[in-house]
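A short write-up of the structure that comes next.
We did not get these values from a lab; they are worked out from the coordinates using the rules stated. Bear in mind the structure is a predicted one, so any value in this text is a computation, not a measurement. When we count neighbours, we look across all protein chains shown, and the Cβ atoms used for this are built from the backbone with ideal geometry, even at glycine.
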Amino acid sequence: MNAPATALLSHAPFVDRRHRLAAAMGQGVAIIATAPERTRNRDVHHPFRFDSYFYYLTGFTEPEAVLVVVAGATPKSILFCREKDLDREIWDGYRHGPEKARATFGFDEAHPIAKLDELMPKLLADQPSLFADVGADGAWDTRLIEWLNAVRAQVRTGVSAPGEIRDVRRILDDMRLTKDAHELDAMRRAAAISTAAHARAMRATRPDLYEYQIEAELLHEFRSRGAQSPAYPSIVAGGANACVLHYVENSARLRDGDLLLIDAGCEVDGYASDITRTWPVNGRFTGPQRDVYQLVLAAQAAAIAAVKPGQHWEQPHEAALGVLVRGFIDLKLCQGTPEAVIESNDYRRFYMHRTGHWLGLDVHDAGDYKRDGRWRDLAPGMTLTVEPGCYIRPGDGVPEALWNIGVRIEDDVLVTAGGCEVLTAAAPKSVADVEALVGTTPH
């Protein structure tokens with residue numbers, strides 16, 4: 001039985017990351033486990049998806065695996081994984097086994113996962129620090145403590161246990177925040193596939209279809225172009241549903257005269273894309289819809305212009321918010337000066353989320369937004385979304401012509417040395433481009 005295609009990826013970027021982790025640790029042992037398999041119901045499992053931290057350091061996609069990085073004068077990385085089992089491979093698919101995994105993924109050592117409890121106390125003996133993701137999983141925390149106690153039990157023989165437990169995610173979050181060439185290649189491929197999927201969804205949209213039929217167009221494009229899965233549950237929200245930020249039921253009929261908001265992206269080799277577009281179900285914006293759409297589009301343009309090295313994280317949000325608030329006042333949604341509307345948070349009735357988030361192995365990717373009370377500065381290699389929106393529910397003082405208009409426009413953006421690159425720029429979003437495309441697929 002042959003190895004999966006993912007095993008053919010170069011292991012060099014993963015080896016380099018393990019070396020960088022060991023250097024940042026100084027001395028000690030880091031333990032990072034992949035995600036557990038999860039039961040969906042009875043004897044059916046959810047599709048397995050590896051832990052992002054584990055994959056970032058290994059490139060290894062099988063379940064039941066643990067990485068150990070030993071830092072010090074002679075650092076080394078050790079994989080624990082399932083043994084070869086030809087009978088199980090007939091049922092469940094290919095397994096590398098320790099020796100093949102060691103050679104393929106560039107580990108210094110590899111052992112059967114069944115030996116983890118036996119070998120971990122030996123690896124932790126006389127180490128000053130244990131680096132782990134304590135608090136992420138209670139059962140895993142218990143296992144870590146058992147290993148530490150096994151080392152402590154040897155104190156009368158002269159063996160010492162790690163004197164401190166440190167959060168390995170603190171180091172890895174900073175590493176993951178800046179993407180390398182390997183990561184950016186995967187993200188560009190994910191962006192291109194998701195861009196094509198949104199265009200396909202636009203072409204397929206027409207009144208009286210159901211939201212799930214348009215979702216099916218997205219899923220078809222994701223898989224037919226090689227993406228492994230959606231990066232998150234797709235939001236396909238027509239009419240008033242677009243005013244529910246995390247609407248995922250995707251079951252309503254699309255009505256003539258309504259808008260359709262789609263927030264959807266695929267995952268390629270573990271890396272997420274995240275695009276939102278909004279368009280008229282019948283292919284033509286009404287006057288009020290166009291006004292709101294153009295406002296959100298202008299807010300996004302202002303935010304993207306603020307994405308550049310040296311700007312801090314909050315500046316794109318501030319740029320988008322300034323445009324939106326002035327527009328809300330013009331549309332009679334808010335009253336007063338822009339400063340007063342922002343100070344009172346009155347705008348939050350129509351714009352209640354922030355303008356973006358980090359993007360990478362997780363759709364809401366690892367990395368702090370503030371350090372020591374200050375917003376983090378943007379730097380080349382960081383990837384983020386830019387996604388202002390406007391969501392207008394019926395209410396007192398809200399012009400009826402604007403009721404149930406929900407618009408969000410979102411792109412994936414890479415910070416570059418000279419400014420930024422919009423990875424999803426090919427997804428149509430001008431009024432003219434959107435109207436020219438919606439509904440053009442023949443019945």
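For segment 1-92, which chymotrypsin sites (Phe, Trp or Tyr not before Pro) are both in a DSSP coil and crowded by at most 16 other Cβ atoms within 10 Å? Mind showing how you got there, number by number?
Working: sites: PHE14, PHE48, PHE50, TYR53, PHE54, TYR55, TYR56, PHE60, PHE80, TRP91; in loops: PHE48, PHE50, PHE60.
Listed in order of number, the matching sites are PHE48.
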What helix-only [θ] at 222 nm does the chain give? Using -39500 (n - 2.57) per DSSP H run of at least 4, over all residues, to the nearest 500, the answer is -11000 deg cm²/dmol
Among PRO47, MET175, SER160, the residue whose Cα sits farthest towards the positive end of the charge dipole of segment 5-176 (+1 at Cβ of Lys and Arg, -1 at Cβ of Asp and Glu, taken about the Cα centre) is MET175
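Working out 0.36 nm times the residue gap between ASP126 and ASP330, then minus their Cα-Cα distance, what length gain in nm do you get to one decimal? Show your work: numbers first, answer last.
Values: separation 204, 0.36 × 204 = 73.44 nm, distance 6.75 nm.
The ASP126-ASP330 span can extend by a further 66.7 nm.
Over segment 46-91, calculate the relative contact order: mean separation of alpha carbon pairs under 8 Å at least 6 apart, over the residue count, as a percent.
Details: 34 pairs, mean separation 11.9, N = 46.
Reported relative contact order: 26 percent.
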Measuring from its Cα centre, the chain shows a charge dipole (+1 at each Lys and Arg Cβ, -1 at each Asp and Glu Cβ) which, in debye to the nearest 20, is 240 debye
Sequence order, segment 353-359: Karplus ³J(HN,Hα) from phi using 6.51 cos²θ - 1.76 cosθ + 1.60, θ = phi - 60°, Hz rounded, Gly and Pro as x, gives 10, 8, 8, x, 7, 4, 9
Everything considered on the Cα gyration tensor (a ≥ b ≥ c; rounded for a/c under 1.5, else prolate if a/b is larger than b/c, else oblate), segment 178-437 must be described as oblate
To the nearest 10 degrees, the tilt of helix 287-305 (Cα long axis) against the first principal axis of the alpha carbons of the chain is 40 degrees
Zone reached by a paramagnetic label modelled 7 Å from ALA417 Cα along Cα→Cβ, restricted to segment 372-395 with backbone N below 17 Å, covers 379-382
Counting only residues 5 or more apart in sequence or on a different chain, those whose built amide H sits under 5 Å from that of VAL134 are VAL168
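For segment 5-176, with only Lys/Arg (+1) and Asp/Glu (-1) charged at the beta-carbon, what is the dipole magnitude about the Cα centre, in debye rounded to 20? All intermediate terms of the calculation are to be shown ahead of the outcome.
Numbers: 23 positive and 25 negative charges, 49 e Å.
Once rounded to the nearest 20, the dipole reads 240 debye.
Please order MET352, MET175, MET187, MET25 by the number of other Cβ within 10 Å, starting at the fewest. Present the calculation step by step, with values, prior to reporting the outcome.
On the way: MET352 11, MET175 17, MET187 24, MET25 21.
Result, fewest neighbours first: MET352, MET175, MET25, MET187.
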Measuring from its Cα centre, segment 344-443 shows a charge dipole (+1 at each Lys and Arg Cβ, -1 at each Asp and Glu Cβ) which, in debye to the nearest 20, is 320 debye
Long-range amide H partners of ILE405, meaning residues 5 or more apart or on another chain whose placed amide H is closer than 5 Å, are ILE392
Counting only DSSP beta bridges with both partners in the chain, the antiparallel fraction in percent, to the nearest 5, comes to 80 percent
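Contour minus end-to-end for GLU118 and VAL398, with contour as 0.36 nm per residue of separation and end-to-end as the Cα-Cα distance?
On the way: separation 280, 0.36 × 280 = 100.80 nm, distance 6.64 nm.
Using 0.36 nm per residue and subtracting the Cα-Cα distance, I get 94.2 nm.
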If amide H atoms are modeled at 1.01 Å from N in the peptide plane, then the residues at a separation of 5 or more from GLY360, or on another chain, having amide H under 5 Å from its own are ALA272, ASP365
Computed from every Cα-Cα pair in the chain, P(r) in 20 Å bins starting at 0 and rounded to whole percents is 23, 48, 25, 4, 0
Projected onto the charge dipole of the chain (unit charges on the beta-carbon of Lys, Arg, Asp and Glu, signs +1, +1, -1, -1), the Cα from MET25, LEU254, VAL268 with the largest positive-side position is that of MET25
Length-normalised contact order of the chain, Cα under 8 Å, at least 6 apart, in percent, tallies to 13 percent
Projecting the Cα atoms of LEU148, ALA192, PHE107 onto the charge dipole of the chain, where Lys and Arg contribute +1 and Asp and Glu -1 at Cβ, the residue farthest towards the positive end is PHE107
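Got the relative contact order for segment 178-437 handy, in percent, Cα pairs under 8 Å and 6 or more residues apart? Intermediate values should be presented prior to the final figure.
Details: 572 pairs, mean separation 59.4, N = 260.
After rounding, I find 23 percent.
Fewest first, what order do LYS332, LYS100 take by the number of other Cβ atoms within 10 Å? Each step should come with its number before you reach the end.
Working: LYS332 11, LYS100 16.
In order of increasing Cβ crowding within 10 Å: LYS332, LYS100.
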Length gained if ARG152 through ALA12 is fully extended, taking 0.36 nm per residue and subtracting the Cα-Cα distance, is 46.7 nm
Ranked on Cβ counts within 10 Å of their own Cβ, fewest leading, SER77, SER194 go SER77, SER194
